[in-house]
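Visitor: Got a structure for you, questions after.
Rule-based calculations on the coordinates, nothing more; no lab input. Just so it is clear, the structure is predicted and the values come from calculations on it, not from any experiment. In this analysis, Cβ positions are derived from the backbone assuming ideal geometry, glycine residues included, and neighbour counts consider all displayed protein chains.
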């Protein structure tokens, strides 16, 4: 790894989170003393190997300016896009003006608040010499079923080799830009960055992460996130090298 290679974080946060059925985008829902996006951002802002964070926001976002983290020196904002992939590309365009083409980009979900510093370090350490990059993930443990449109089982899917994709997902800046543009040219609205890289013929590496790194999607997820965050705070108090 070149000593000049830097690591950047990208947070697409322009979505409305309609499945949550809340009065605001889910990234601004409160858990304890902070919003979901504040926890997500703090993990990167506090990490000494992250050079900067680019956040994509909706044009009509009135919640962001109220957050203390919005004024953090590491953070730059940019308008979001219609879909996640468009927001990520907007962030990468900003990075194109300040980062090198072979710098690494870690893309993370705004509503995934239980990311700890250990997992960021793990991803960087494991992938910084990889030719492609990769993502945090968890092996599938349960029996998997495929359903029909009326929610009846059509088949049992062999779970061998199946993983749940998490974030961050880490790839070289220029390679990710090219992969996302190629996917859009094929009219493929990819749901994560790894899928874009896969469509371009790459094989990202899977790095087993912490199962606490959940994405808040439904209301019940908020209480689960609160429990995990409380554990992280306790852990950091016992050992300040963990869960930054």
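Visitor: Scan the stretch 75-82 and give yes if some residue there is in contact (Cβ under 8 Å) with a residue 60 or more places away in the chain, in contact with a strand residue (DSSP E or B) (Cβ under 6 Å, 6 or more places away or on another chain) and within 11 Å of residue 15 (Cα to Cα), otherwise no.
Guide: The initial filter retains those residues of the stretch 75-82 that are in contact (Cβ under 8 Å) with a residue 60 or more places away in the chain, namely 79-81.
Keeping just the survivors that are in contact with a strand residue (DSSP E or B) (Cβ under 6 Å, 6 or more places away or on another chain) gives 80.
Of the ones still in play, those that are also within 11 Å of residue 15 (Cα to Cα) are 80.
Within the stretch 75-82, one or more residues are in contact (Cβ under 8 Å) with a residue 60 or more places away in the chain, in contact with a strand residue (DSSP E or B) (Cβ under 6 Å, 6 or more places away or on another chain) and within 11 Å of residue 15 (Cα to Cα).
Visitor: All but one of (1) closer than 29 Å to residue 36 by Cβ; (2) surrounded by fewer than 21 Cβ atoms within 10 Å (Cβ to Cβ); (3) touching a residue at least 12 places away in the same chain (Cβ under 8 Å) hold for residue 125; state the number of the condition that does not hold.
Guide: So residue 125 meets the others, but not (3).
Visitor: Anything in the stretch 132-142 that is exposed (fewer than 13 other Cβ atoms within 10 Å of the Cβ) and in a loop (DSSP other than H, G, I, E, B)? List them, or say none.
Guide: Scanning the stretch 132-142 gives 141, 142.
Visitor: Next up: Where the second residue is in a helix (DSSP H, G or I) and crowded, with 23+ Cβ neighbours inside 10 Å and the first is at negative phi and in contact (Cβ under 8 Å) with a residue 60 or more places away in the chain and lies in the stretch 36-53, which pairs have Cβ atoms under 6 Å and are six or more apart or on separate chains?
Guide: These pairs meet every condition: 36/27; 37/27; 47/120; 50/44.
Visitor: Sticking with this structure for a sec: Determine which single condition residue 97 fails, assuming it passes every other condition in (1) surrounded by fewer than 17 Cβ atoms within 10 Å (Cβ to Cβ); (2) under 29 Å from residue 187 (Cβ atoms); (3) touching a residue at least 12 places away in the same chain (Cβ under 8 Å).
Guide: Here residue 97 meets the rest and fails (3).
Visitor: Further question: Name the residue, out of 22, 9, 70, that is more than 24 Å from residue 166 (Cα to Cα) and either surrounded by fewer than 21 Cβ atoms within 10 Å (Cβ to Cβ) or in contact (Cβ under 8 Å) with a residue 60 or more places away in the chain (or both).
Guide: 70
Visitor: With respect to residue 165, is the statement that it is free of Cβ contacts under 8 Å to residues at least 60 places away in the same chain and in contact with a strand residue (DSSP E or B) (Cβ under 6 Å, 6 or more places away or on another chain) true?
Guide: Yes: the conditions hold for residue 165.
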